[in-house]
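*Asks:* The structure that follows is given in the form of structure tokens.
Bear in mind these aren't lab numbers, they're just calculated from the coordinates by the rules spelled out. All of these numbers come straight from a predicted model, not from anything done at the bench. So basically every Cβ, Gly included, is an ideal-geometry build from the backbone, and we count neighbours across all protein chains shown.
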Amino acid sequence: MSGWLTVAMVAVPLLGALPLLVADDALRPVLRGYGMAVSGVTLALAAVMVASFDHGQPARPQFTVDLAWTPGLDLRFQLGVDGISLPLVALTALLVFLCFAYLGWGGGTAPGQLLHPGPGGVRPRALVFTLLVLEVGMIGTFLALDLLLFFVFFEIVLIPMYFLIAIWGGEGRRAAAVKFILYTLLGSVVMLLGLLLIWAQTGTLDIVELAGSHGAGMSRAVQVVAFVAVGLGLAVKTPMWPLHTWLPDAHTQAPTVGSVLLAGVLLKMGTYGFARIAIPILPEGAAAVAPWLGAFAVVGIVYGALACLAQRDLKRMIAYSSVGHMGFVLLGFATLSTAGVNGALFANVAHGLITGLLFFLAGAIKDRYHTADIPSLGGGLMARLPRLGAILTFAAIASLGLPGLAGFWGEMLALFGAFEPAAALPRGLFLVFMVIGGLGAVLTAAYFLVMLSRVTHGSPTAVTPGAPSGGPAASAGTASTAGGPDVLAGVASRAAGESVTGRLSATLPEPPDEQPVHPLPNSETPPGERSPHETPPYETPPRAGAAHRAELPDVQRHELVAWVPLIVLILLFGLWPQLLLALTTPAVQTLLGALS
Amino acid sequence: MTMVPLPAVLLPFAAAAAGLLLSRWPHGRPSAGANRRAAWIAVIPTAGAAVFAVWLAWGQGFAYLEGGPRSEPVGATYGAIVTGSVPISLTLQADDLSALLGVLVTLVALAVQVYSIGYLADDPRYPSYSAFVSLFTAAMLLVVYAGDLLVLYVGWEIMGLCSYLLVGHWWEDLGNSRAAVKAFLVTRLGDVGFLFGIFVLGVGAGSFRIADVLAAVPQMSSGTLVTATLLLLAGVAGKSAQVPLHTWLPDAMAGPTPISALIHAATMVAAGIFLVARLFPVFTAAGPTMDVLAVMAALGMLGAALAALAQDDLKRVLAYSTISQLAYMAGGLAAGSDTAAIFHLITHGAFKALLFLCAGLVIHHVGSNLMSRMGGLRRELPVTFAATTVGFAALMGLPPASGFFSKDALLAAMEGALTGRLTDAAALLLYGCALATVAVTGAYATRAWLRTFFGRARTVALPEPEPGTAHVIDVREGPRTMLVPVVLLAVPALLLGFAAEPHLDLPIAVISVALALLGAAVVYVAWRADPLADPARLLGVLRVPCERAFYVDGLYAAVVVRPVLALAGGVSRADDEVIDGAVRGSGRTARGLSGMLRLVQNGNVQLYVSGLLAGVLLIALGAVVFA
């Protein structure tokens, strides 16, 4: 049929990347527009795909291509898209385009816009190339319908992401990048063994055919071994507790666009593998391993939330929050019920949107304050940068799973799935998982609200790294003494207050690649003069706020361009979840065929 | 006609969106013009929603309270959300109960929106404030008109969010921020149970539609029903601030006073009571749950009333009073009378909103929340004094104020429960606590009334208002936008009792009025003896525990908050040292091994040749041995 569309989705970014190799100087002036144009064409193709997708039959792979690739090994180039992969393909194309828009919109000179031209630019050509190759790998992973092709695309992604972290990252980037690539490669090797085992047993690599036969031709023991092997590889990528420790380092060190794509798309490749390969091809293995998967998932939910509660670095906290959210996704898969897997797929997309937005915001804060250390930020973001604070509040609330926003439906359905797991699974155990997951949801709310309280609330103290002052310590100190015994915020800010002075003296040197365009001026009001108790709070914004706004720019146009689509989609999927669920439900029912 | 609940929900929702996006457009700066625009954006849709709500309720009127045959709900289904299991149906409906509640919600919201125009006149964040109030109104109406449990849950949680945003309105003070976080988290804890309760009911009935669930009650096993209702009760306790999840409400008084009136007195906290009434057949079929509810209510009403007696902050007095009055309603439900509970919910909504708005006028005038800074205000604020007097009379249950009738109905129901479905001990505890609470209510209401409006004026020129309180404005009474809603609310607070053909139980009425007057008299005598001293000294050794609300906050901090934080710190360290340590350790091990292997590669040809020979020898040996 119209298989050209799937091929084009992969070919456009690939062909777009090629001229960057040859034309050195010719492309340099138009580089920012070039990246946006190529990814924009890909996004347009994705939009065409969504529009011409036969929504009546989302369970059937559409736009399929089936070409001989390596005839000797019987490898085939098989692409296609169904209701499970379509949202992810569209999400990928959108996020890559938004990343390019973020990098290149407007003058391209704002901090965080790494593409600025001229000497001192940070290898803009290489960055565009890297991102486009990354897009090839990511979209290819979601489109592949052949086990080895899936693996190839899965691996292609690692290389550009490695360079993204290692070249454009923060000051600990080398170690983080090496850890990222070694850890995930190790996982991939195990997964490859599992895929080869499937191949050896069934003699085919065709995912559709394998899923259709529901594990026929493989004994239960083989299925269990294969599921564990494939699952381990996917679990590293997802990441599942306790295989997650590459993630915080990678996120903390990656540049903003790297973090966004890492959280928004790369993690989804792991969970997508469960829905595309592990569960449908190995149903008996899935049923045998599912209780373990569920156990690791709920441990991850609670563990991630607790780790977040103790984090001081904003980016690191969001990274750990991904561990928790991916725990909900894995719990959904582990239930092997339609509702649960639906929830997992929904949470997958929602997490891509919300956490993508959160990392954009964390990057924006880091670009302005030159630190993501929460105590050093000094609070008062709402007073200093009201729009940024408002969007951060929105994203945090979406992420904690408020109904009416996208984060809710996935988590709710995953828990609902755990309430009614597949018949083959022990129900009592999954009820325990459900309760633990529910408590994890409360902890999730706790750390996000504590973070909001510490970052956005309070009076802004004129603290910048390198300008030592008693400001933040004083405000945190008064906070902890006011009022009676109280919730987490008080204790947390007390802990923050104790350590902030020590931290300030050892502020980090500027990462060489992140050059502040706006040098941080010394505040006009001396720090410490304005304490939160001297000024009536509701009088702060008009006068003092204006002065602050002159120092730090509030949300800028290129940021708005990148963030507004995410905000709109979070609201859209939150208010009308049927949009996604109508796509995934029939596909999930098909893939669970043997189990439900 | 079937379309009607939808616009009532959508109007305030649209107002919230418009208020957030448009009121500062195009300049984006706080200004008087923006505030004025925001005020129009807020008030007109709320008024429209009120018109729709009244229209919906017009036919039935107070039919729900009179107990007769219930009329058929009107409403419509706007599609379904497939989940792969039980689908969610997007249904809105209005029946006797929700029509009545809708009127309460929209009218109180309207009063509060108008009042806020004056109260937050020069607050630069008034536009977002009024938008959040609109969003809250929409969410509450969604709860009230929802025909599906999960739709109800969506509104239920959004209300919690609005509560969080509005309690933290003056976020410059981290104390307010902390109160907001606490309010959200405590209710969220209950809401997790609530969601699981919905799961149990939905799977048990095969549908999340409220009508289907109610119809399926006879088929469900008693185990399912008890589990479901107990789980739902967790959410009810969180939202309606009942023991043991009540601790957030007094702290939530950090928000602006109109918010305390709307969310934390009249509407949101009543949602839990409403939910039990909505699913009343489910609850009555689960006997043990009703006993639990009765015990919770009994402890809550007396404990909170005693706590109210010892507070110095006027708003905290009213907050504890709210907990106590909500416990009355919960007790009425446990005793088996949903109509009495809803009747009290409505009269309480009127008189408590009135009391809070009056407290706002007083605080606005004095510049402090503390009663020790008030006194003698009846001459300066005659209108507020009269309105407050009506409110306190209703709170104490004195005739002819509305509270008298509704409290009488509740007490009659609780007395009836002594021989009814509750277990004897629970029923006895409930009725005993209810009577004791009547006396304590009389005492604390009188104390607050006397200390605020009588005695000598203690208002001194304050240097600056505390963060989180309104401006000091030295006019005699508040602005007209604040006074008009107060006066208008005083009318239902006084007269609502006559609306629904009151059924008086005369002996109980006499007992309760006598008890309330007794409590009032004791406080009055103590106050006459020394008008400057706090009558709370009557509590003696109990005074400090009462003021601290029996140390529940401290207990939770010690049992929940600190262990969780310690655990978080432990997890963070363990993650770094154990889990990541293992990862780094494996890296180090690999490097160490490679270092050992490298020793062999030292460039010494003799070593290489000897190794080669040794290998050949081994292979040859192997070939000989195994061949």
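*Asks:* At a Förster radius of 35 Å, what calculated FRET efficiency corresponds to the Cβ-Cβ distance of B:Arg543 and B:Arg456, to the nearest 0.05?
*Replies:* 0.90
*Asks:* Could you give the dipole magnitude of the range B:230-388 about its Cα centre, charging the beta-carbon of Lys and Arg +1 and that of Asp and Glu -1, in debye to the nearest 20?
*Replies:* On the way: 8 positive and 6 negative charges, 58 e Å.
Value, rounded to 20: 280 debye.
*Asks:* Can you give the mean number of other chain Cβ atoms that lie within 10 Å of the Cβ atoms in peptide B:180-187?
*Replies:* Partner-chain Cβ atoms within 10 Å, mean over residues of B:180-187: 6.
*Asks:* Hey, can you rank B:594-606, A:200-212, A:291-303 by average C-beta count inside 10 Å, highest first?
*Replies:* Result, highest mean first: A:291-303, A:200-212, B:594-606.
*Asks:* Still on this structure, please answer the following. Could you tell me which trypsin sites (Lys or Arg not before Pro) in the range B:363-396 are loop residues by DSSP with no more than 10 other beta carbons within 10 angstrom of their beta carbon?
*Replies:* Working: sites: B:Arg373, B:Arg378, B:Arg379; in loops: B:Arg378, B:Arg379.
The qualifying sites are B:Arg379.
*Asks:* So what is the calculated 222 nm ellipticity per residue for the protein assembly as shown, using -39500 (n - 2.57) for each DSSP H run with n of 4 or more, over all residues, to the nearest 500 deg cm²/dmol?
*Replies:* Value at 222 nm, helices only, nearest 500: -22500 deg cm²/dmol.
*Asks:* Using per-residue counts of other Cβ atoms within 10 Å, averaged over each peptide, order A:44-55, A:220-231 from highest down.
*Replies:* Ranked by mean Cβ neighbours within 10 Å, highest first: A:220-231, A:44-55.
*Asks:* Let me know the shape class of the range B:557-626, please: from the alpha-carbon gyration tensor, a ≥ b ≥ c as square roots of the eigenvalues, rounded when a/c is under 1.5, otherwise prolate if a/b is greater than b/c, or oblate. Walk me through the intermediate numbers first.
*Replies:* Working: a/c = 12.11, a/b = 3.35, b/c = 3.62.
Cα axes put the range B:557-626 in the oblate bin.
*Asks:* What is the mean number of Cβ atoms from other protein chains located within 10 Å of the Cβ atom of each residue in peptide A:439-446, rounded to a whole number?
*Replies:* Across A:439-446, the average partner-chain Cβ count within 10 Å equals 5.
*Asks:* In this model, which of A:Lys268/B:Lys182; A:Lys366/B:Lys182; B:Lys182/B:Lys315; A:Lys179/A:Lys268; B:Lys239/B:Lys407 are farther than 24 Å apart at the alpha-carbon? The partial results should precede the final answer.
*Replies:* Details: A:Lys268/B:Lys182 33 Å; A:Lys366/B:Lys182 28 Å; B:Lys182/B:Lys315 18 Å; A:Lys179/A:Lys268 19 Å; B:Lys239/B:Lys407 22 Å.
Beyond 24 Å between Cα atoms: A:Lys268/B:Lys182; A:Lys366/B:Lys182.
*Asks:* Quick one: putting +1 on the C-beta of Lys and Arg, -1 on the C-beta of Asp and Glu, what dipole do you get for the range B:557-626 around its Cα centre, in Debye to the nearest 20?
*Replies:* Here the size comes out at about 100 debye.
*Asks:* I would also like to ask the following. Counting only other residues whose beta carbon sits under 15 Å from that of A:Gly3, what net charge do I get with K and R as +1, D and E as -1?
*Replies:* Charge balance in the 15 Å sphere: -2.
*Asks:* Using a Förster radius of 25 Å, what is the FRET efficiency between B:Val525 and B:Phe498 based on their Cβ-Cβ separation? Nearest 0.05, please.
*Replies:* The formula returns an efficiency of 0.15 here.
*Asks:* Between A:Leu27 and A:Trp576, with labels modelled 7 Å along Cα→Cβ, what's the label distance in nm to one decimal, could you check?
*Replies:* Spacing of the two 7 Å Cα→Cβ label points: 3.8 nm.
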